[in-house]
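Student: There's a structure below that I have some questions on.
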Amino acid sequence: MRNALLVYPEFPPTYWSFKYALPFEGTRSAFPPLGLLTIAPLLPKSWNKRLVDMNMRKLRDRDLEWADVVFLSAMLVQQESFHEVVQRCKEKKIPTVAGGPYVTTGFDHIHDVDYLVLGEAEVTLPPFLQDLERGQARRLYQSEDKPELEQTPIPDFDLLEMKRYSTMGLQYSRGCPFNCEFCDIIEMFGRRPRTKSNAQMLQELDELYRRGWRKSIFIVDDNFIGNKKRVKQLLPDVAEWMKERGHPFRLFTEASVNLADDDELLHLMAQAGFNKVFLGVETPVEESLKEAQKLQNTRRSLMDGIKKIQSYGMQVMAGFIVGFDHDPEDIFDRMIRFIQESCIPMSMVSLLSALPDTQLYRRLKKEGRLLEASTGNNTDCTLTFLPKMNSERLVEGYKEILKTIYHPAEYYERVLGFLERYRPHLPSGGLHPTDLRPLIRSVFKQGILGSHRTEYWKFLAKAYRHHREVFAEAFTLAIMGYHFQKVTQLYCRQ
């Protein structure tokens, strides 16, 4: 019998961390470490297992003293915390086993981990565990195999202190059919989307429902609609499951922009309870989209597509990028104008970054344009390659985008524009008792102590007067705005 400690390293403050918004609702982390929860059932049943999510609490010496082996998973942006944990383990002579996106795409630069288990754990973890039990474990386990997801276990939610999280996560598929140059997803998971069965997904929903979860669920797929045929078979079953239980969850996910072309799919997603979707819009400049091989975004009006999705009761969140070779001199003004006109409150704008093991990384390396390794934090105003545009102008223009779109006046204007279009498929019925604590904290922190009190009260007054039926959404987005403003201040003053 072994004591296995599963450790999830800490995220730095980024737009995606929601660090400054979480205290409003009394939670500590936005999302649970789904990868570690998924590998936990693959470990021997005789082992004792504990999870430390460092975004929830610090890793204590007594946690490490309990452990016989430490398993780590991390994204690139978590690398600093990752290596700090590994060093603490080495000092205490505790063997470390690491996998996940950061390790899989950058394993040749990682020298301080005892065992590297790369790729998809369903394939590489079992042989490692067998060798470990025999005392013959190798340092490196990797495979190019892309397993079908029917063999993926239900995540071990028993390891979580669920009430401390804002959102739960589930995975339906892996892989994406598109070929974006800057994307590492297709490098890790391939271009053939593989999905779980309907029965698996309903069983995972049952698990969360049985544990009393009644908030949002993030379907973490990098492109939920990569296999449209399978998705259309899944959604009616999810809609029926949700209806039978009184719609206990709100769902959101990531998808490609071609979602806007498919009214049937939009209708099915709305019926199933999806109220948000993240899109990789990237840029309004068609030449830059072609450069990035994001051709799916050139086959339609991006603005019309966004409005179409919003009309189905789904809030569009979106990612944008500046720094492409074909970006014109006026890209910054064009980006700001597009974001404001599209009424996308949560617009994540980043500098182009060459992630390891991507087509972009290989091209820039061949051209001699790489400057330094990416940290995975594409909002910290750091350039990792030589752009065609003047570097200083690019960084300053990028900062100007952030400072403009997250200035309270522009941000609240965008939210009000979204609320004009927002027609949720399942009416919220106004404010709920669970909304009271975050609302009070928002009023205190933003409306009384905040430096933009005037804009805040004007916004809430307009939202309540004109959009009372979705007022909870309005003040939730006000809280998100506070987080975005804090992160913008953090990085733009550097």
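Student: Just need a number here: residues in the range 253-302 that are touching an Asp or Glu at 6+ places or on another chain (Cβ under 7 Å) and assigned to a helix (DSSP H, G or I).
Tutor: Matching residues across the range 253-302 total 4.
Student: Still on this structure: Only helices (runs of 4 or more DSSP H) wholly contained in the range 356-431 count here; list those with 2 or more residues that are free of Cβ contacts under 8 Å to residues at least 40 places away in the same chain.
Tutor: Ranges flagged: 359-366, 391-405.
Student: Please specify each residue of the range 132-155 satisfying the condition of being part of a loop (DSSP other than H, G, I, E, B) and farther than 21 Å from residue 95 by Cβ.
Tutor: 143, 144, 145, 146, 147, 148, 152, 153, 154, 155, listed by residue number.
Student: Before we move on, is residue 332 within 17 Å of residue 387 (Cα to Cα), among the hydrophobic types (A, V, I, L, M, F, W, C) and assigned to a helix (DSSP H, G or I)?
Tutor: Yes: the conditions hold for residue 332.
Student: Need the failing condition index for residue 243 against (1) assigned to a loop (DSSP other than H, G, I, E, B); (2) under 21 Å from residue 276 (Cβ atoms); (3) of a type outside the set (S, T, N, Q), just the number.
Tutor: Failed condition: (1).
Here's the yes/no breakdown for (1) surrounded by fewer than 20 Cβ atoms within 10 Å (Cβ to Cβ); (2) closer than 28 Å to residue 314 by Cβ; (3) of a type in the set (Lys, Arg); (4) not assigned by TED's automatic domain parsing to the domain that holds residue 371:
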residue	(1), (2), (3), (4)
383	yes, no, no, no
388	yes, no, yes, no
393	yes, no, yes, no
397	no, no, no, no
400	yes, no, no, no
411	no, yes, no, yes
415	no, yes, no, yes
420	yes, yes, no, yes
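Student: How many residues does the range 171-181 hold that are in contact with a Phe, Trp or Tyr (Cβ under 9 Å, 6 or more places away or on another chain) and either surrounded by fewer than 21 Cβ atoms within 10 Å (Cβ to Cβ) or small (Gly, Ala, Ser) (or both)?
Tutor: So the count comes out to 2.
Student: Right, here's the next one. Can you report the number of residues in the range 383-427 which are touching a Pro at 6+ places or on another chain (Cβ under 7 Å) and of a type outside the set (Phe, Trp, Tyr)?
Tutor: Number of matching residues: 3.
Student: Another question, if that's okay. Failed condition for residue 46, given (1) assigned to a loop (DSSP other than H, G, I, E, B); (2) touching a strand residue (DSSP E or B) at 6+ places or on another chain (Cβ under 9 Å); (3) more than 30 Å from residue 184 (Cα to Cα), with all others met?
Tutor: Result: residue 46 passes all but (2).
The values are calculated or read from the model by the stated rules, or taken from the named source; none is laboratory data. Small disclaimer: the values here were computed from a predicted structure and weren't measured. Because the Cβ atoms are built from the backbone with ideal geometry, glycine has one as well, and the counts that use them run over all protein chains shown.
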